[in-house]
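Have a look at the structure below, then the notes.
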Amino acid sequence: MLLPRFAFHQPASVAEALEVLGQYGDQAAVIAGGTDLLVNMKHKKLAPKHLVGLERIEELEGLAADNGHIRIGPRLTASALAGSGELTGSAAALALGAGTLGSPQVRNRATVGGNVCTARPAADMCLPLLALEAKALLAGPAGARELPLDEFFLGPGQTAREPGELLTGLLIPKPAQGSGAGYEKLGLRKALEIALVNVAAVLTLDGDGKTIKAAKVALGAVAPTPILAPGAEAALVGRAAGEEAFAQAGKAAAADAKPITDHRGSAEFRREMVEVLTRRALRQAWQAAQGQ
Amino acid sequence: MEKTQIVLTVNGKDYDLLIAPNRTLAQALREELELTGTKQGCEVGDCGSCTVLLDGEPVNSCLVLAVQAQGREITTIEGVADGNKLHPIQEAMVEHGAIQCGFCSPGMILSAKSLLEKNPNPGQDEIRQALSGNLCRCTGYQKIVEAVQDAAGKMGRG
């Protein structure tokens, strides 16, 4: 399969990248790992005349904790995140999701920035980031701005990023004491699969280790974007952690889901599976939180 | 579309290439360097037959632009044996009947090599996880997994 022709730019800084993006507008596409973009180009779905490679831009790398936040560089690969010892407590949700993406070969190239900007409803790194209440950091000709991720995802493949903007980082809150995460992905295969349904759950336990102080549940593949399940959250906060609360949260999450029937599965089956996966992800998060 | 001059470091050797930006690493290796051990199967990152190691890590070379691979250490299947002496993984694959048509084998061997260099004593599940990006239509995977386990043992004793 051949790639269409394009000019390749390798800016050395964010400022240079913005110049190129500004110059070529919607004729330009950003390429990091290329594991989604190049597939679409080979399938003739996209044919940008200019590709902007991010390899030379060091400031887009790295994981840094400061000021009560963890700043995630958009060029970090799924592999790097999956194996990161710095993503503990609730932040482990990102490592867990990243570890289920594609295959080892894909994970060694696919980046978190690419996953967020490609914004598919079942994206394995988007779900955990949503559950972690992440913020997207954008740089553009008008300056820098911050956007909560739930305002960033607008539809399948659609984000609030303007063509001239570059995602320069993701911010997640530093994991609280007594927090833990779970991630469940259901597919027809165990690898190289887009989820039929996936769920990310983050729990923070109270000082007594029994009551749920905070909870977030994110659902994938059951709406036009990854979504939070506010009903599930309401069924958890202030309750005693355990099977009863998780069962109720599962039912509430299934009600929060808006699945459709497609070639991967029926809406009814997806709704059923949201309930099951939510319970499992919550159990996993509870185990992890008790260990913290 | 202009061609650019790049240097690709493959199996320890530097190669000067004049190449268009829309050429993938898989195409460059096979067509410019005539290293045809790397295969083009699905060409969209779903089968792993194009697997090469980039700085020791397995990637699908069909989804890496040749120009992006500059400055990286590329290892292809041609770089695994030591002259005529097969790598323990290659020997084990032959002994265990883990090669039928051979199309998936270069990718399997490279993924396994990367695994054993990071984890010298993997369990079956870990081997299957490490090979989960390499599809085989012939063998049913069992013999490949056994070959990798066997190679791990031999490499550990070496």
(request) May I ask you to list pairs of residues, at least six apart or on different chains, whose Cβ atoms are under 7 Å apart, with the first in the range B:22-46 being at positive phi and the second being among the β-branched types (Val, Ile, Thr) and buried (at least 23 other Cβ atoms within 10 Å of the Cβ)? (result) B:GLY45/A:THR35; B:GLY45/A:VAL106
(request) Keeping to the range A:5-43, report how many residues are within 7 Å of chain B (Cβ to nearest Cβ) and either open to solvent by less than 60 Å² (accessible area, probe 1.4 Å) or on the phi > 0 side of the Ramachandran plot (or both). (result) 8
(request) Would you confirm whether any residue within the range B:93-110 is at negative phi, within 11 Å of another protein chain (Cβ to nearest Cβ), out of contact with any Phe, Trp or Tyr (no Cβ under 9 Å at 6 or more places or on another chain) and not aromatic (Phe, Trp, Tyr)? (result) yes
(message) Just to check your reading of the model, which residue among A:SER103, A:SER79 is open to solvent by less than 30 Å² (accessible area, probe 1.4 Å) and of a type outside the set (A, V, I, L, M, F, W, C)?
(response) A:SER103
(message) Go through the range B:43-60 and report how many residues are within 9 Å of chain A (Cβ to nearest Cβ) and either polar (S, T, N, Q) or out of contact with any strand residue (DSSP E or B) (no Cβ under 7 Å at 6 or more places or on another chain) (or both).
(response) 7
(request) Give the residues of the range B:108-140 that are in a loop (DSSP other than H, G, I, E, B) and surrounded by 18 or more Cβ atoms within 10 Å (Cβ to Cβ), sorted by residue number. (result) B:PRO122, B:LEU131, B:SER132, B:GLY133, B:ASN134, B:LEU135, B:CYS136, B:THR139
(request) Would you tally the residues in the range A:144-157 being farther than 10 Å from A:PRO226 by Cβ, in contact (Cβ under 8 Å) with a residue 60 or more places away in the chain and of a type outside the set (A, V, I, L, M, F, W, C)? (result) 2
(message) Just to be sure I understand, how many residues within the range B:13-42 are part of a loop (DSSP other than H, G, I, E, B), away from chain A (no Cβ under 14 Å) and over 15 Å from the mean Cα position of the chain (by Cα)?
(response) 2
(request) Give the range A:227-281 a look and list any residue that's open to solvent by 20 Å² or more (accessible area, probe 1.4 Å) and in contact with a Lys or Arg (Cβ under 7 Å, 6 or more places away or on another chain), or say none. (result) A:LEU228, A:GLU233, A:ALA240, A:ALA247, A:GLU275
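The values are calculated or read from the model by the stated rules, or taken from the named source; none is laboratory data. This structure is a prediction, so every number in the text was calculated from the model and none was measured. For neighbour counting, all protein chains shown are included, and Cβ atoms are generated from backbone atoms with ideal geometry for every residue, glycine included. Only protein heavy atoms, including side chains, enter the accessible area calculation; ligands, DNA and RNA are left aside. Shrake-Rupley method; radii C 1.70, N 1.55, O 1.52, S 1.80 Å.
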